[in-house]
Every structure is written in structure tokens, then in C-alpha cells.
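These notes concern the structure reproduced below.
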Amino acid sequence: MAGRRLAAGRNDLRFSCPIIAERRERVIMKLIEIKNLIFEYFRRDSEGAVEEMVEALKDISIGVQQGEWIAILGQNGSGKSTLAKQINALLLPASGSVVVDGMDTSEEELRLQIRQCAGMVFQNPENQIVGNLVEEDTAFGPENLGLSVEELWNRVNDALSVTGLEEYHASQTSRLSGGQKQRLAIAGVLAMEPKCIVLDEATAMLDPEGRQQVQKIVRWLQKERGMTVIQITHHMEEALAADRVFVMKQGSVAASGTPDQIFGRKELLEECGLCLPQLYQYLYFLRGQGILSEREAGRIRNVEELSSVLCRRYLEKGGEIEKRVRGRGNAGNLSTAEEQRYRCLTEGIWLDHVSYIYDKGFAHERTALSDISLGIGRGEFVTVIGRTGSGKSTLTQLLNGLYQPSEGKLYFNGVDSSEPDFPVKLLRQKVGLVMQYPEHQLFADTVEADVCFGPEHSGLSKLEAQKRAYEAIAAVGLPDTIYDASPFQLSGGQKRRVAIAGVLAMQPEYMVLDEPAAGLDPRMAAELFGMLRRLCDRDGITIVTVSHSMEDAAEYADRILVMDRGVVRMDGAVWEVFGQPTELEKLGMSVPAGITLLKGLSQAGADVELSRCRQMEICEELARVLS
């Protein structure tokens with residue numbers, strides 16, 4: 001009966017519950033009002049003993065109007081997710097108050113209503129999916145409200161329509177791509193008809209196309225349905241869509257304002273471990289060079305507008321049309337397919353017409369990779385990009401020998417991996433694999449023990465294993481004072497470095513990393529990729545990364561593979577791949593802002609060196625052409 005009374009709707013609730021009725025009768029100026037919020041928790045050691053009390057949120061006061069889009073930015077550990085869980089009443093204040101739609105989260109009898117009002121979508125959709133079929137999963141929340149069958153399915157159909165999943169209503173949730181699963185998580189929240197949706201890094205694991213789809217859905221919900229949006233993100237570009245932005249630092253709100261106001265404070269963002277969106281980084285540089293005035297820069301809202309302005313500026317200063325467009329660097333050094341095959345067959349990894357099929361011979365058989373032929377040589381930095389579900393992770397696990405090809409051959413230094421006497425153990429020592437969340441690979445009581453584990457179990461003496469561990473820990477930029485620390489008490493970025501050190505201690509010739517920067521703030525991501533670049537340049541270790549960040553691919557890689565539906569569609573130098581924006585768009589990818597600017601200038605007739613893909617190089621090229 002209690003469930004049916006709750007399901008009756010807000011009008012009935014007004015009369016059935018005096019406490020709620022009192023809240024409803026008030027004139028509510030703000031949907032969410034947070035005053036002097038403090039949240040603390042105890043940090044415990046591996047045995048459960050209390051080590052210290054941590055103040056995760058410090059005297060936070062925030063108001064959010066109905067229908068606003070709020071973006072919350074900050075470093076890992078700054079308190080963003082903790083704040084989000086306060087709004088949803090998953091966590092409660094140590095002091096201060098959180099009031100959602102007139103309901104105080106401290107009142108236990110109101111928390112169910114608060115969670116209906118403020119629906120939450122987490123970073124990993126797998127954690128929210130409970131049904132076997134799409135429609136069943138979407139129906140789970142509203143079904144528990146005791147709605148009529150007609151109302152229930154009206155809500156389900158509407159939520160699936162809004163998120164573009166109506167044609168998948170009878171599909172198994174396990175068969176969906178990552179982007180589809182994230183949209184399903186949003187649909188499940190929408191079916192509850194909340195006033196507010198909280199997105200906690202909900203696009204972190206999505207490809208560019210998937211992120212754009214989620215952003216469009218959220219924008220539609222705000223504009224057409226008046227829904228309040230609170231978006232926690234590490235993608236600075238996503239914050240540009242918000243009405244207001246809050247920047248958090250060490251549990252406090254360091255700044256708030258419109259996107260223009262916040263992204264006009266470069267020094268503050270850097271102090272908080274963040275960076276400007278790509279567009280604003282180039283506007284900041286061009287203003288500093290005197291190429292754009294502050295007024296001109298303030299009018300520009302996207303990369304296409306900036307490109308048009310720069311092309312006009314080039315032509316106004318007397319630029320000549322039809323100048324020769326130059327490309328150099330990586331493209332000139334690329335081997336032909338036959339040369340690459342010969343080189344990788346003798347020293348490297350070669351995939352020869354490789355296919356991989358999941359559940360082969362069963363009803364749910366699925367081809368993940370289809371007829372792939374490619375080589376990866378020593379000393380390369382290769383980034384694999386593509387839509388979620390395109391086969392990237394399957395490819396990385398083939399390289400390490402975790403999977404064996406269903407069809408075709410994989411050769412390592414000229415030896416067929418399918419031969420009975422092939423040394424699989426040696427392959428896994430030489431090709432180190434770092435999973436998508438490398439911190440999940442940590443297990444020992446101390447950092448030293450964790451990093452020593454691999455060398456010790458490969459037959460080395462304890463002394464030699466320690467030597468390798470110390471070298472690996474130093475190589476990833478961690479101090480020697482960390483040896484005795486528990487890996488579980490480290491920051492997110494430090495945990496990833498320890499996990500990578502554990503692979504490095506095996507002295508691999510290749511390192512394969514699946515989304516190594518997922519969930520990391522901009523500073524941590526830059527430090528991680530900078531470390532990988534140094535390992536490649538200094539130590540000659542081949543680096544293969546899977547990434548959904550086009551900017552990281554352009555900044556650090558030498559070569560890019562673009563995958564789609566289990567096939568490698570593009571393979572070439574960074575500037576060659578990103579020089580084909582139309583093809584990339586068809587494959588769900590995007591082109592980094594700086595490369596778009598150079599491409600536009602070259603089409604306007606400028607003598608642009610298109611092989612310059614890293615941000616500093618692009619800035620130098622812009623200054624050379626436009627100054």
C-alpha cells in the first residue's frame with residue numbers, strides 16, 4: 001500500500017503526507033539550495049583501523065534554479081562526485097543543509113522523493129543496468145512506483161524515444177555498445193520523470209560521437225522539458241554548453257560564473273589542475289600574439305568561426321592564393337605495406353588477415369575483428385581510435401596473446417603464435433598490457449610489493465626484482481618515499497602510475513594501454529601521456545594506446561589506426577588521418593581544433609605545414625603564417 005500511495009503522483013502525495021504537503025505549498029525559488037555544506041569521512045588502513053578524518057566538502061553554498069544547466073569542474077579528488085551524491089541524498093551532510101525541491105535531505109522520509117526529483121547517471125553505465133532487455137531495464141524504476149500498466153509503458157516508450165533507443169526496445173542490454181548503454185542509463189532515469197538529472201562523468205567512456213549524442217539529449221531535455229542539468233565532467237568543451245560553471249578545488253568552490261567568465265581565467269584553472277577548452281587555448285594564444293583583439297576573440301563561439309576569421313585575416317594581409325601545401329615528417333617516413341610487413345615479420349608484431357569471433361558456433365556469435373592485416377614495429381607510438389564497440393579493446397588483447405585469432409595468424413618477431421612451441425609467456429613479458437582501469441590491477445599491501453610481483457614470479461631473485469621495481473617506479477615519475485605506501489591510499493593518477501610501473505618492471509618492448517586516461521582530469525592525463533611519450537622516445541618502448549580523445553591522439557601519437565565495426569578503416573601518420581575530416585566524421589570521429597585551423601588556412605592558400613599536429617607546433621605555425 002505504501003508503494004501505491006507513493007506512485008499516485010505529486011497531487012495525491014500532497015494530501016497523504018503532511019510533511020511533503022508543507023514543502024509543496026511553499027513558493028520555491030530554487031530547485032536545489034545548498035548552504036554551508038560540510039562532509040567528512042574516516043580514512044582507514046588495510047586492517048580497518050581509522051587513520052584520519054578527511055573533510056571532503058568544506059562550507060559549500062550553491063543555489064541552482066529550475067531549468068539551469070550547471071557544469072562542475074575540478075581535479076580528481078576535488079569533491080565533485082561527493083557533491084553530486086549529496087544532491088541525490090546518497091550521502092548526507094555532516095553539517096549544513098541540502099534542500100532539493102523544498103525537501104531537506106536530512107529528513108529520512110523524504111529521501112525517496114528526493115531521488116525521484118534528482119535522477120543520477122554514473123560514469124559506468126554497467127553499474128546501473130539491471131534488466132536483460134532494454135525495455136525491462138527502462139521500466140525498472142517506474143515499475144517500483146506502482147504505476148498503472150498504461151502509464152508505465154507510456155513512460156518507457158517516451159524515454160526510449162528521447163534517447164534514440166526505441167528500435168532497440170527488445171534488444172538484450174548485454175549486446176549494446178558503450179554509448180547505447182549510457183543512453184539506456186539516461187532513459188532509465190528519464191522514465192522516473194525527474195525535475196533534475198545529475199550526470200557524474202557520464203561521457204567519460206564514450207567516443208566523440210557518443211559524447212555529442214548525450215550532449216544533444218541533455219540540451220533537448222533542458223530546452224524542451226525545462227529539466228535542470230548538473231553535469232560533472234573532465235571534458236572542458238562540454239562545459240561550454242552550460243549556463244553556469246562551478247570550479248572545485250580541494251573540497252571547496254574556487255570559482256563560479258558563466259563559461260566565458262570561467263574560461264577567461266586561465267591562471268585560476270591551471271591552479272585547480274584544469275585547462276582551457278581547445279578553442280579558448282587558441283584564442284588565448286592568438287590574443288597574446290596580437291593576431292586577434294580581445295573584442296574579436298570574445299565574439300567567436302566555435303572552431304569554424306575562428307577558422308573563418310583567420311582565413312580572412314590571412315587574405316587581408318596579402319596572402320597569395322594557390323600556394324603549395326606542405327606535409328612532412330611522419331608521412332615521408334611511412335613504409336609501404338610490403339616494407340612494413342617485412343620489417344614487422346622480422347622484428348615486431350604482424351597480424352596477417354586476423355579475425356576474432358566471440359561465442360563462435362553459438363547462437364550469439366559475434367565477429368569483433370574481421371580480416372585485419374597490420375604491423376606494429378619497434379619504437380612507434382600508435383593510437384587506436386574508433387567508435388565504442390568497434391573492436392579496439394579486442395585488438396589490444398590479441399597483441400598480448402590473451403586472445404588467439406579465430407582466423408589468420410599473429411606473428412611476434414617472425415614466429416607464428418599458433419605454433420605449439422610458441423613461447424606465450426615470453427610474448428606477455430615483452431608485450432605488457434595495461435587494462436582500461438589499471439588501478440584495478442593493484443592488490444599488494446605496499447607499492448614496492450605490487451611492482452615487484454611480476455619480476456619475482458618470472459624467476460628473478462628478490463634483489464633483482466627490487467632493482468627493476470625501483471627503476472620502474474622512478475621511470476613513471478614517483479618518488480622513492482612511496483615504496484612503503486599502500487597503493488590503495490594513493491590518488492587516482494598515482495595508482496595508474498604504480499600499475500604502469502608494475503608492467504614496466506617486466507622490461508617490456510611494447511606497452512599496450514586501453515584508455516589509460518579515462519576518468520583522469522586534464523593535468524593527470526597530460527602527465528600520464530607525457531610519461532608514455534618519454535618512455536617511447538628515451539627507452540625505445542613501443543606504445544600502443546586506445547583513446548577516445550582526438551586531442552591526445554594528435555598531441556602524443558606518431559601513427560593512428562581508425563577502427564570501425566571490426567575493420568581498420570584508416571592507418572597513417574597523425575596529419576594524414578586528421579587531414580580527412582569528412583571520412584572521420586562518417587566513422588564517428590572528430591578533428592582537433594588546431595588541425596582544423598591549419599587545414600582552413602591551407603585551403604585559403606597559405607603555405608602551411610600540415611604535418612605539425614601538436615599544439616605548440618600548431619601555435620608556432622599560426623604565428624608564422626599570420627603575424
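The values are calculated or read from the model by the stated rules, or taken from the named source; none is laboratory data. Given the structure is predicted, the values throughout are model-derived calculations rather than measurements. Here Cβ is always computed from backbone atoms with ideal geometry, including for glycine, and neighbour counts include all displayed protein chains. The accessibility values were calculated without ligands, DNA or RNA, using every heavy atom of the protein model including side chains. Shrake-Rupley method; radii C 1.70, N 1.55, O 1.52, S 1.80 Å.
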**Asked** Can you name the condition, by its number, that THR336 falls short on among (1) open to solvent by 70 Å² or more (accessible area, probe 1.4 Å); (2) modelled with pLDDT of 70 or more; (3) among the β-branched types (Val, Ile, Thr); (4) out of contact with any Gly (no Cβ under 9 Å at 6 or more places or on another chain)?
**Response** (2)
**Request:** Go through THR582, THR596 for me and flag whichever is among the polar types (S, T, N, Q) and without any contact (Cβ under 8 Å) to a residue 40 or more places away in the chain.
**Result:** THR582
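Residue by residue through segment 371-390, note down the ones that are assigned to a loop (DSSP other than H, G, I, E, B) and open to solvent by 10 Å² or more (accessible area, probe 1.4 Å). Walk me through it before giving the result.
Step one: of segment 371-390, the residues assigned to a loop (DSSP other than H, G, I, E, B) are 378-380, 387-390.
Of everything in segment 371-390, those that are assigned to a loop (DSSP other than H, G, I, E, B) and open to solvent by 10 Å² or more (accessible area, probe 1.4 Å) turn out to be ARG378, GLY379, GLU380, ARG387, THR388, GLY389.
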**Asked** Quick one: how many residues across segment 189-217 are among the β-branched types (Val, Ile, Thr), in contact with a strand residue (DSSP E or B) (Cβ under 9 Å, 6 or more places away or on another chain) and at pLDDT below 90?
**Response** 2
**Prompt:** Within segment 22-78, which residues are of a type in the set (Lys, Arg) and modelled with pLDDT of 75 or more?
**Reply:** LYS30, LYS35, LYS58
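Select the helices (runs of 4 or more DSSP H) contained entirely in segment 542-627, then report the ones holding at least 1 residues which are farther than 27 Å from LEU369 by Cα and either among the small types (Gly, Ala, Ser) or open to solvent by 10 Å² or more (accessible area, probe 1.4 Å) (or both). Can you show your working first?
On the way: elements: 550-556, 574-578, 581-586, 593-603, 615-626.
Of the helices (runs of 4 or more DSSP H) lying wholly inside segment 542-627, those with at least 1 residues that are farther than 27 Å from LEU369 by Cα and either among the small types (Gly, Ala, Ser) or open to solvent by 10 Å² or more (accessible area, probe 1.4 Å) (or both) span 550-556, 593-603, 615-626.
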**Residues satisfying the stated conditions in segment 520-541, i.e. in contact with a strand residue (DSSP E or B) (Cβ under 9 Å, 6 or more places away or on another chain) and part of a loop (DSSP other than H, G, I, E, B)** = ASP521, ILE541
**Request:** Among the numbered conditions (1) at pLDDT 60 or above; (2) open to solvent by less than 70 Å² (accessible area, probe 1.4 Å), tell me where LYS317 comes up short.
**Result:** (2)
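Working carefully through the options SER148, SER161, find the one that is under 27 Å from GLU209 (Cβ atoms) and without any contact (Cβ under 8 Å) to a residue 12 or more places away in the chain. Don't jump to the end; show me each part of the working.
Numbers: SER148 fails: under 27 Å from GLU209 (Cβ atoms).
Exactly one residue qualifies, and that residue is SER161.
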**Prompt:** So which pairs qualify, if the first residue must be in segment 247-273 and under 19 Å from ARG523 (Cα atoms), the second must be among the basic types (Lys, Arg), the Cβ gap must be under 7 Å, and the two must be at least 6 apart or on different chains?
**Reply:** MET248/LYS80; GLY251/LYS58; SER252/LYS58; ALA255/ARG265; CYS272/LYS249; GLY273/ARG523
**Message:** Kindly evaluate SER177 against the criterion of being at negative phi, surrounded by fewer than 18 Cβ atoms within 10 Å (Cβ to Cβ), over 22 Å from the mean Cα position of the chain (by Cα) and of a type in the set (S, T, N, Q).
**Reply:** no
**Item:** Count - residues of segment 293-302 that are open to solvent by less than 90 Å² (accessible area, probe 1.4 Å) and under 23 Å from ALA241 (Cβ atoms)
**Value:** 5
**Prompt:** Which helices (runs of 4 or more DSSP H) sit wholly inside segment 408-519 and have at least 2 residues that are open to solvent by 10 Å² or more (accessible area, probe 1.4 Å) and under 30 Å from ILE372 (Cβ atoms)?
**Reply:** 424-430, 492-504
**Fill in**
Here the residues within segment 79-109 that are at negative phi and part of a strand (DSSP E or B) are SER95, SER97, VAL98, VAL99, VAL100, MET103, ASP104
**Item:** Residues located in segment 80-111, provided they are among the hydrophobic types (A, V, I, L, M, F, W, C) and surrounded by 19 or more Cβ atoms within 10 Å (Cβ to Cβ)
**Value:** LEU83, ALA84, ILE87, ALA89, LEU91, VAL98, VAL99, VAL100, MET103, LEU110
**Fill in**
Expected single match for surrounded by fewer than 23 Cβ atoms within 10 Å (Cβ to Cβ) and within 22 Å of GLN222 (Cβ to Cβ) among ASN157, ASN124, ASN144 is ASN157
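To keep it simple, each residue is scored yes or no on (1) at pLDDT 90 or above; (2) in contact with a Pro (Cβ under 9 Å, 6 or more places away or on another chain); (3) β-branched (Val, Ile, Thr).
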site: LEU395; (1), (2), (3): yes, no, no
site: LEU398; (1), (2), (3): yes, yes, no
site: PRO423; (1), (2), (3): no, no, no
site: LEU426; (1), (2), (3): no, no, no
site: LYS430; (1), (2), (3): yes, yes, no
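Looking at ILE60, ILE114, ILE70 in this structure, which one is in contact (Cβ under 8 Å) with a residue 60 or more places away in the chain, crowded, with 19+ Cβ neighbours inside 10 Å and out of contact with any helix residue (DSSP H, G or I) (no Cβ under 8 Å at 6 or more places or on another chain)? Before the answer, list the steps.
Numbers: ILE60 fails: out of contact with any helix residue (DSSP H, G or I) (no Cβ under 8 Å at 6 or more places or on another chain); ILE114 fails: in contact (Cβ under 8 Å) with a residue 60 or more places away in the chain.
Step by step, each of ILE60, ILE114, ILE70 is checked, and only ILE70 is in contact (Cβ under 8 Å) with a residue 60 or more places away in the chain, crowded, with 19+ Cβ neighbours inside 10 Å and out of contact with any helix residue (DSSP H, G or I) (no Cβ under 8 Å at 6 or more places or on another chain).
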**Asked** GLU448 passes all but one of (1) within 20 Å of ARG497 (Cβ to Cβ); (2) of a type in the set (D, E, K, R); (3) over 30 Å from the mean Cα position of the chain (by Cα); which number fails?
**Response** (3)
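Could you tell me whether VAL162 is open to solvent by less than 10 Å² (accessible area, probe 1.4 Å) and among the β-branched types (Val, Ile, Thr)?
Values: open to solvent by less than 10 Å² (accessible area, probe 1.4 Å): no; among the β-branched types (Val, Ile, Thr): yes.
Against the criterion (open to solvent by less than 10 Å² (accessible area, probe 1.4 Å) and among the β-branched types (Val, Ile, Thr)), VAL162 does not qualify.
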**Message:** Every residue in segment 285-300 that is part of a helix (DSSP H, G or I) and within 31 Å of the chain's Cα centre (by Cα), please.
**Reply:** PHE285, LEU286, ARG287, GLY288, ALA297, GLY298, ARG299
**Asked** Quick check: anything in segment 184-194 of a type outside the set (S, T, N, Q), surrounded by fewer than 19 Cβ atoms within 10 Å (Cβ to Cβ) and not in a loop (DSSP other than H, G, I, E, B)?
**Response** no
**Fill in**
(1) part of a loop (DSSP other than H, G, I, E, B); (2) open to solvent by less than 20 Å² (accessible area, probe 1.4 Å); (3) under 15 Å from GLY389 (Cβ atoms); (4) of a type outside the set (D, E, K, R) all hold for ALA202 apart from (3)
